[in-house]
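The block underneath contains the structure these notes are about, expressed in structure tokens.
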Amino acid sequence: MAANRTKGWAGDSFDRYMEYRFCITVNILAFVYSGFQAYAQVHRLISDKDIIPLPIRLYFDFAMDQVLAYLLIAAATAAATRNTDWVTNWGSDPFTVMANGSISVSFLAFAALAISALISAFILFSKIP
């Protein structure tokens with residue numbers, strides 16, 4: 001999405017539209033969170049210690065998975081709506097084609113975090129007495 005500075009008939013760029021900026025911001029947040037989770041798992045495997053202590057980590061994982069999944073679906077939907085409006089009113093160009101690809105990846109990221117949210121919910125609620 002950030003590379004989408006294609007010179008369509010209007011010379012558009014993703015940063016001119018709030019929906020596209022929202023989408024890329026949420027995707028960056030999800031990427032950073034996923035990177036942190038990967039680092040935390042590798043750290044735990046190597047040192048046998050958690051970065052975040054166990055009871056807090058379960059709530060943190062559950063909350064962050066939920067929040068980021070909802071943010072991703074909201075951002076992808078907003079960007080898809082903007083893109084559909086653009087194509088409906090002015091037709092398709094390389095800008096909208098690139099945006100569609102980015103929006104599709106955002107929906108895939110949502111699916112991954114939604115599955116992660118289900119797993120973290122199962123783990124959390126199976127540990128609560």
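The values are calculated or read from the model by the stated rules, or taken from the named source; none is laboratory data. Everything quoted here is computed from the prediction, not taken from an experiment. Glycine gets a Cβ as well: all are built from the backbone with ideal geometry, and neighbour counts include every protein chain shown.
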Exercise. Find the residue count for the range 49-79, including only residues that are small (Gly, Ala, Ser) and without any contact (Cβ under 8 Å) to a residue 24 or more places away in the chain.
Key: 1
Self-check item: Phe95 vs. criteria surrounded by 19 or more Cβ atoms within 10 Å (Cβ to Cβ) and at pLDDT below 90
Solution: yes
Quiz item: Can Ile46 be described as assigned to a loop (DSSP other than H, G, I, E, B) and either farther than 28 Å from Asn100 by Cβ or free of Cβ contacts under 8 Å to residues at least 40 places away in the same chain (or both)?
Solution: no
Practice problem: Out of Thr88, Thr81, report the one residue that is within 19 Å of the chain's Cα centre (by Cα), modelled with pLDDT under 95 and exposed (fewer than 14 other Cβ atoms within 10 Å of the Cβ). | Solution: Thr81
Quiz item: Considering only the range 33-53, how many residues are farther than 20 Å from Leu118 by Cβ and exposed (fewer than 11 other Cβ atoms within 10 Å of the Cβ)?
Solution: 8
Quiz item: Can you name every residue in the range 71-129 that is part of a helix (DSSP H, G or I) and in contact with a Gly (Cβ under 6 Å, 6 or more places away or on another chain)?
Solution: Phe95
Practice problem: Take the range 54-78 and flag every residue that is surrounded by 15 or more Cβ atoms within 10 Å (Cβ to Cβ) and of a type outside the set (A, V, I, L, M, F, W, C). | Solution: Arg57, Asp61, Asp65, Gln66, Tyr70, Thr77
